[in-house]
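Asker: Structure in structure tokens, see below.
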Amino acid sequence: MKAVRFYFIGVLLLLNCFSSGALAQTPNFGGTLITSTFGNITSLNPIWKYDQPAFMISQNIYSSLVISDWGIAEGAKPYGDLAKSWEVSDDGLTYTFHLYDNVYWHDGVKFTSADVKFTYDTVIKKKYPLASYLKLVKEIQTPDQKTVVFKLSEVNAPFLPMLANASNWYGQIIAKHLYDGTDIQTNPYNKKPVGTGPFKFVEWKDGQFVSLQVNEKYFREQAYLDKIIWRVYANKEVPQADFISGNLHLLMYELIPPFHQLKALAAKPGVKMWEQKSIYDRCIVFNHKRKPFNDIRVREAISLAINRDEVSQLAWAGLWKPNYHASCAGAPLFTNSNVRWPEQDLKRAQQLLDEAGYPPGPDGVRLKPVLIATAYLQSMVEVIIQQLKKIGVQVKFDLSDTTTWQSRLNSGDFDLTPYYIRFGPDPDSYGEHFGTGEARNFGKYSNATFDELVKVGQKTLNFQKRKEIYDKVQEILRKDFAYLPVTESGYFQFSTAKLHGVTFGDPTSYGKSFGWGGYRAVWFEK
Amino acid sequence: MERIAYLIRRILEMILVVLVVAVLNFTLIHLAPGDVAVYMAGMEAGPEYIATIRHEYGLDLPLHIQMGRYMSRFLHGDFGRSFTRGEPVVDIIMNRMPATLLLMGSSLILGAVLGTLGGALAARHIGSKVDYLISGLCVAAYSTPVFWLGLILIYAFSVHLNWFPSSGMMSFLEEQRGIVDTLRHMALPVLSLTVYFIGQNIKVARASVAEAMQDDYITTFRAVGFRERTVFLNHALRNALLPIVSMTGLQFTQLTAGAVLTETVFSWPGMGQLVFQAVLSRDYPLIMGGYILMSIMVVLFTLLVDFIYVVLDPRIELK
Amino acid sequence: MNLRGKGRLIRELVRQKMAMIGFFVVCIFFLIAVLLQSLPIPDPFALSLYPFHPPSSEHFMGTDNLGRDLFSRVLWGTRASLLVGILSAGLSAVIGIIIGGIAGYYGGWIDDLSSRITDVFLVMPIFFLLILIVSLFGSHIFFAIFSIGLVTWPRNARIMRAQALALKKRAYVTAAIGSGASSLRVLFFHVVPNGVSPVIAYTVILIGQAVLVEAGLSFLGLGDPNVISWGQLIRSGQQSFANAWWISFFPGLMLVVMVSAVNFFGDGLSVALNPRMMRR
Amino acid sequence: MTPYENHTLLEVQDLRMHYRLASGAVLKAVDGVTFSIRRGDKLGLIGESGCGKTSIAMTLMGLLPENASIRGGSILYEGGDVLSYSPKQWREFRWEKVSMVFQSAMNALDPVYRVGKQLSDVYRLHRKCSKEDANKHVEDLFKLTGLPVSRIRCYPHQLSGGMKQRVIIAMSLLCNPSLIIADEPTTGLDVIIQDQIMREIVSLIDQLGLSMLLVSHDVSVVTETCKKILVMYGGKVAEYGDIADVFDNPSHPYTMGLLEAFPNIQGPIKGLAALPGTPPNLAVDLIGCRFAPRCPRKEALCEEEDPPGAKLHGNHVAFCHFAGDPGIKSVNYCELNG
């Protein structure tokens, strides 16, 4: 059967490679990329909602104003997509973007600064997701067709990196001439999108696949691939099967097998594994608003109870390393390596619980906290649950779908939850995770000095000064045991060995992909 | 005349059923924890965006008002627009329904036919090894989880043998599409969905054929000089069909269950999968529409089966 | 059809090899479920650093994604799965008997009402209803049990109703009424005991169905992560089926065996309880 | 042994038919039965249930179940050896030559087809002819059997028991066979209808000059309708002869028992209540006269030897050691019962 399988791959490659040539590392054009996405694609309009499977696609159809590559600190620097260049006024309140001139929508209409203004004004007016990054935008002006000016109400250092970073999810620029005066959410073009990006929309068979073809009139050098096809999977098992049997060129990070099997898969002939560091960690968030975790001693006890190496080994097969810092390897610039969470110490942990007034019951159980999670981090959670048993903490595990989980997070209906904190693209993200009343501060952690420092940080433009500020921030988080860092994180994707320039992993794609799902830099080896 | 009365009565029942389904689901959905606004907003969204969504979709109104609004719109045939897609619910579902009907229909028919044949075979050799084998297998067949079977089939026939595609309903390369292509895509899902029903049907068919073979008229038609085969087909089997048909009627509901699982395993673009995804993303209009149309489908089918039964069995009086 | 004729019932059952085999298999599973703690098997929760170990001499069903011994987890799965099966089927039977019995015995508007409800349930896509309930209200196992029982009772009710209708005209029932017994008493001490057997037969079948349903829910990710059930085990292995087939294969196999056994027994029972039915 | 007669239609010689039971035992249902039917004859085959009379009927139609087997003897129909027929010959023989009026008319017709169709199908099976002709023929038969032609398009469940029975009769006449086997043709009908139907059958048979083998447990029915009687007991012939002879001079104690039981006025049949004891178990090897255990005149001899057939007046034969012995007549059953 192996023979059969590889024969099949062969056929596919024939389909993909039209011109012949020796093994050269110079990219060559042509080929159809068959890639995968999970869940239902609901709308290909990039601005009005958060749609995991869709944004990977829309990034290839649409262009953003500014964009940044995945995660890692150096890559996270914003760079222009539609913006050829920009300058920031000395007072830090005015951002002037100069747009590319030769940009056309796929329907042939010329792209202008009006489209940018229209898109962002709509986002702000309708409070679409990107709005939370445009809070400080007082006004958007378009002095001429190729210039856009942002007026900010106050100085905000993280403004641009955050905007660029968020543009990877949503908020790409949509066509004013198609959307102006219509209901954005129900506009028919949400199903047959028209963008300015490197690929043009061809076909969307609901629940099956979406296919794009290369845009010859792209305002940059055109993409290498002729065609991209996203197969939409309703489950996470079969994509692997298809990848192994050669019916899929690219296995998305969310569809890969459990970590322990990645090496085995990577070892298969003709398979390449892509690894990508991340600005997110994997951690446990405490609910500071209710017993028992309103008590710092309990939080510390938990921190002392877990064995990060075991988690790393069992849950992540050692691929995600233990993390003791209030930062992560993906964001080294602002990491304060002196801030360190303690190693496992069960004796001390139990001692602390005794002090906190949680002696072991007859069955040896001290606490029965409720932990909520989705299937996503289940294996990590299961390991930690076993570890906490050792200090008499009997976790009640509520596994649920994302909706329930998110709304329980928002309503604070939990004691513990696994979570992912981002430490980039700008350290300002500490604010959104731990600032009093901030969007992602689900644990309701609150510390006045912390809030003060974050505010200062936003106004500070000098790098050295900012670093000092965020070093302090990290000390505070550690001192309060505000949360519990467990491991690093990162992303793994698989592709046929013939594939190059994959975002999430291949450095050659940086600065050329214009989005984490951008396939502009992808090409097939002959 | 009585037939029309019957039809009317059945249609009234049907409407009742659908209304109950509607009300029941609506209440369930809206009593449930989990805030759709939060989900729609997505991880990156701030509270104010969530608030706007909640308001925009009238999720902040008291339940009975929401229900009232919904029912009145529903009675005018308007299922509203999907939260997550912005399209009219009816369009989305109608776009998915053919796939589901194709899958369910072919499994149902295949199951009925093969089941009947198998059952007849077993009944012909009752008590023999063949009988034991068939009966044993069919119990095993309807004791096997559809999705588990599906996974195994995929790895056997798609990964290792590479005979059939693992998922989807058509090739994504224009030039490869066509009836044959669809059939190839159907092979595995239909198989895994059918096995269960073949099992059930064999069991029923076996019992009813065997019972029919005991009847006196069988002796009669042997006595008048008909061939054994003729007697079996024209009389034993013909009478045995009745219970099988009514069985099939009941199976349609189970089939919807099988559909959501099979569609999920094989990424079959049907409404089972769609509605499940809708449940996960709390797309209320889509969930409601899905459930209501699904039960309308079931009721219509039950109605159809009733009529077939009436045609097949002259003894039934339509009262 | 009367439970009193136990001797006959047992003779009938013994006549049917398959039913007997089924019965014994179920008993074995039951014993396993009861004796779990005292069985010489490793702790099913104990993590080890040997995840995804293929079946071998020390782990002869292999280990799972966290290096836990699959064999002992599969054995533990027996308990949850049986629990789901028996409790939900039992619940369904009880509700069905009460409602069906009352409907059939008293007739009138009660009967009409319950029959309507029954009809509705019989054409409702029940599994979808389950998905909705469980995914909206939480996946706790007892919740699943409860909802399965709640959506499956109508068929039992229908059977019981027919029985009650037939039985209430019987001599001993009228006699009982004549002797001045309260109607509820008559219903539950005379009618139900004499008419309950087909319900029992169906309930046994339902046990198998319930186990399957639980597995199905788990497959969709709606299972209870705090308990080890076969459904959960199958699910835990799905993602790694390509390289670690055993993790979902063995639990699935166990499930097939158990449900088959239950079905064989159930079929046998209904044949035995119902002499009219033809037997080999 | 039986004296030969002319124009013999059916001749059954020393027929032996056994069932193999699940237990492995062999049940000698028919154990050396001999009789013959001449054209126009009406033979009544009578005996308690389980004495093998229905088995004989089924053997004649070749409708034996798998576990039955012919263990000797012969059946000659117009001189042709029926038992040696191939399946094809059998199919032609059935209904063409011998047809049957079934008992339990209630279920003898397929509920899902119209009666007319069922009949015409049978007719077209034997006479290759057009639907129209077949229907025509069926109509005639309906008229003949006194059924309203309109009923042709009815389903069985829409007919009364009597009508069903008439349909069955019409069916039996479809291919005008020379012999009709009527197996308890009136069971399951209420008494008044019973006589009516019976009379119709007889008149039809005379009218068409057919022969009949009437299988019944009801002496009165047989005496009314038949010319000859064959009394069976325990798979064997007990007594055989013209009704007149047998009645004037019953020569087998069992026959006497039957006649004792025979009600003076036409009323409900008392069956063989007057006879003490039960029929023999045919699944065990029996020595001597089958009837001996119940026989009031039993003597040592009876338990050792199978009685030979004693020829009496005409073709009247009785299988009793004491057949013709005047002493027998004086037996008083009532006294014995006491």
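Any read-out appearing in this document is the output of simple, stated calculations on the displayed coordinates, not a laboratory observation. Remember, it's a predicted structure, so these values are computed and weren't measured experimentally. Glycine also receives a Cβ, built like all others from the backbone with ideal geometry; neighbour counts cover every protein chain displayed.
Asker: Under the rule of -39500 (n - 2.57) per DSSP H run of 4 or more residues, summed and divided by the residues of chain A, what mean residue ellipticity at 222 nm is obtained, to the nearest 500 deg cm²/dmol? Kindly include the intermediate steps, with their values, before the conclusion.
Answerer: Working: 15 runs with 149 residues, N = 526.
Computed ellipticity for chain A at 222 nm equals -8500 deg cm²/dmol.
Asker: Over the range C:187-255, how many percent of alpha carbon pairs lie in each 5 Å bin up to the one with the longest distance?
Answerer: 4, 16, 19, 16, 11, 8, 7, 8, 5, 3, 2, 1
Asker: With equal scatterers on the alpha carbons only and no solvent term, can you work out the Debye log10 of I(q)/I(0) for the protein assembly as shown at 0.05, 0.07 1/Å?
Answerer: -0.54, -0.87
Asker: Oh, and also: Can you tell me the dipole magnitude for the protein assembly as shown around its Cα centre, using point charges on the Cβ only (Lys, Arg +1; Asp, Glu -1), in Debye to the nearest 20?
Answerer: Details: 138 positive and 125 negative charges, 29 e Å.
Magnitude of the dipole: close to 140 debye.
Asker: If each residue's Cβ is checked for other Cβ atoms within 10 Å, how do D:Asp190, D:Asp183, B:Asp306 rank with the fewest at the top?
Answerer: Details: D:Asp190 9, D:Asp183 21, B:Asp306 18.
The most exposed by this proxy come first: D:Asp190, B:Asp306, D:Asp183.
Asker: Among B:Met271, B:Met297, which comes first, then next, by fewest other beta-carbon atoms within 10 Å?
Answerer: B:Met297, B:Met271
Asker: Something else now. Order of A:204-215, B:68-79 by packing, highest average Cβ count within 10 Å first?
Answerer: On the way: A:204-215: 21.6, B:68-79: 13.7.
With the highest mean Cβ count within 10 Å placed first, the list reads A:204-215, B:68-79.
Asker: How large is the Rg to Rh ratio of the range D:107-176 when both quantities use alpha carbon positions and Rh follows Kirkwood? Show your work: numbers first, answer last.
Answerer: Working: Rg = 10.8 Å, Rh = 11.7 Å.
Ratio value, two decimals: 0.92.
Asker: For all pairs of alpha-carbon atoms in chain A, what percent lies in each bin of width 10 Å, listed from the first bin to the last filled one?
Answerer: Reading upward from the zero bin: 4, 17, 26, 25, 18, 8, 2, 0.
Asker: So, one more: When Cβ neighbours within 10 Å are restricted to other protein chains, what is their mean count per residue of peptide B:254-266?
Answerer: Partner-chain Cβ atoms within 10 Å, mean over residues of B:254-266: 5.
Asker: A follow-up question, please. Given the -39500 (n - 2.57) contribution per DSSP H run of 4+ residues, what per-residue ellipticity at 222 nm results for chain B, rounded to the nearest 500 deg cm²/dmol?
Answerer: Details: 12 runs with 227 residues, N = 319.
It lands at -24500 deg cm²/dmol.
Asker: Can you tell me, using C-alpha contacts under 8 Å and at least 6 residues apart, the relative contact order of the range A:188-271 as a whole percent? All intermediate terms of the calculation are to be shown ahead of the outcome.
Answerer: Details: 91 pairs, mean separation 14.3, N = 84.
Computed value for the range A:188-271: 17 percent relative contact order.
Asker: Within 10 Å of each residue's Cβ, count the other Cβ atoms and sort D:Leu64, B:Leu31, B:Leu274 from fewest upward.
Answerer: On the way: D:Leu64 15, B:Leu31 10, B:Leu274 29.
Fewest to most other Cβ atoms nearby, the residues stand as B:Leu31, D:Leu64, B:Leu274.
Asker: Positive end of the dipole of the protein assembly as shown, charges at C-beta (+1 Lys, Arg; -1 Asp, Glu), about the Cα centre: which of A:His500, A:Trp320, A:Phe150 has its Cα farthest in that direction?
Answerer: Of the listed residues, the answer is A:Phe150.
Asker: Among the DSSP beta bridges whose two residues both lie in the protein assembly as shown, what percent are antiparallel, rounded to the nearest 5? Don't skip to the end; give the middle numbers.
Answerer: Numbers: 82 of 115 bridges.
If I count the DSSP bridges inside the protein assembly as shown, around 70 percent turn out antiparallel.
Asker: Alpha carbons only, please: Rg and Dmax for the range D:6-67, in angstrom.
Answerer: 13.1, 44
Asker: Can you tell me the mean projection area, over all orientations, of the convex hull of chain B's alpha carbons? Units nm², please.
Answerer: Values: hull surface 89.2 nm².
Taking the Cα atoms of chain B, their convex hull projects to 22.3 nm² on average.
Asker: Within 10 Å of each Cβ in peptide A:153-166, how many partner chain Cβ atoms are there on average? Round it to a whole number, please. Show your work: numbers first, answer last.
Answerer: Working: counts 0, 0, 0, 0, 0, 0, 0, 0, 0, 0, 0, 0, 0, 1.
The mean count of partner-chain Cβ atoms within 10 Å per residue comes to 0.
Asker: So, one more: Could you work out the mean count of beta carbons from other protein chains within 10 Å of each residue's beta carbon in C:229-242?
Answerer: Values: counts 0, 2, 3, 1, 0, 4, 3, 4, 4, 8, 11, 7, 11, 14.
Across the residues of C:229-242, the mean count of other-chain Cβ atoms within 10 Å is 5.
Asker: Taking only DSSP H segments of four or more residues, each worth -39500 (n - 2.57), what value at 222 nm results for chain C once the sum is divided by all its residues, to the nearest 500 deg cm²/dmol? If you can, show how the numbers build up before the last one.
Answerer: Working: 12 runs with 197 residues, N = 280.
Calculated at 222 nm, the ellipticity per residue is -23500 deg cm²/dmol.
Asker: Rounded to the nearest 5, what % of DSSP beta bridges with both residues in chain D are antiparallel?
Answerer: Values: 29 of 48 bridges.
Antiparallel bridges make up about 60 percent of those DSSP assigns within chain D.
Asker: Any idea what the dipole of the range D:107-176 comes to, in debye rounded to 20, about its Cα centre with Lys/Arg Cβ at +1 and Asp/Glu Cβ at -1?
Answerer: Values: 12 positive and 6 negative charges, 13 e Å.
Roughly 60 debye, rounded to the nearest 20.
Asker: On a straight-distance basis, which aspartates and glutamates could pair with A:Lys151 in a cross-link, Cα separation under 12 angstrom, same-chain partners fewer than 8 positions away excluded?
Answerer: Cα-Cα hits under 12 Å: A:Asp91, A:Glu139.
Asker: Restricted to Cα positions, what overall size does the range D:1-145 have along the principal axes? Three whole-Å values, descending.
Answerer: Largest first, the range D:1-145 extends 48, 43, 30 Å along its Cα principal axes.
Asker: So what is the relative contact order for the range D:107-176, in percent, with contacts set as C-alpha pairs under 8 Å and at least six apart?
Answerer: Details: 75 pairs, mean separation 29.7, N = 70.
The value is 42 percent.
Asker: Which pairs, out of A:Lys347/A:Lys467; A:Lys126/A:Lys200; A:Lys289/A:Lys465; D:Lys228/D:Lys311; A:Lys368/A:Lys472, put more than 24 Å between their alpha-carbon atoms?
Answerer: On the way: A:Lys347/A:Lys467 36 Å; A:Lys126/A:Lys200 27 Å; A:Lys289/A:Lys465 33 Å; D:Lys228/D:Lys311 15 Å; A:Lys368/A:Lys472 34 Å.
Beyond 24 Å between Cα atoms: A:Lys347/A:Lys467; A:Lys126/A:Lys200; A:Lys289/A:Lys465; A:Lys368/A:Lys472.
Asker: Right, here's the next one. Cut-off under 23 Å on the C-alpha distance; same-chain residues fewer than 8 positions from D:Lys131 excluded. Which lysines are left, in chain and number order?
Answerer: D:Lys131 reaches D:Lys97, D:Lys117, D:Lys143, D:Lys164.
Asker: Also, quick follow-up: Considering only B:Val130, B:Val275, B:Val146, give the residue with the highest GNM mean-square fluctuation for chain B, with springs between Cα atoms whenever their separation is below 10 Å.
Answerer: Result: B:Val130 has the largest fluctuation of those listed.
Asker: Any idea what the dipole of chain A comes to, in debye rounded to 20, about its Cα centre with Lys/Arg Cβ at +1 and Asp/Glu Cβ at -1? Working shown, then result.
Answerer: Values: 60 positive and 53 negative charges, 113 e Å.
Its charge dipole is roughly 540 debye.
Asker: If you don't mind, there's one more thing I want to ask. Cross-link candidates for A:Lys498: which aspartates and glutamates have Cα within less than 19 Å, leaving aside residues fewer than 8 places away along the same chain?
Answerer: A:Asp226, A:Asp242, A:Glu275, A:Asp506, A:Glu525
Asker: Relative contact order for the range A:50-195: what is it in percent, counting Cα pairs under 8 Å that are at least 6 residues apart? Numbers along the way, then the final one.
Answerer: Numbers: 233 pairs, mean separation 44.9, N = 146.
After rounding, I find 31 percent.
Asker: By Kyte-Doolittle mean hydropathy of at least 1.0 and Cα axial length of at least 20 Å, which whole DSSP H helices of chain C are selected?
Answerer: Helices meeting the criterion: C:17-35, C:70-106, C:141-167, C:197-219, C:246-273.
Asker: While we're on this one: Take chain C, connect every pair of alpha-carbon atoms lying under 10 Å apart with a spring to form a Gaussian network, then pick out the residue of C:Gln239, C:Gln16, C:Gln163 with the largest mean-square fluctuation.
Answerer: The residue that fluctuates most here is C:Gln239.
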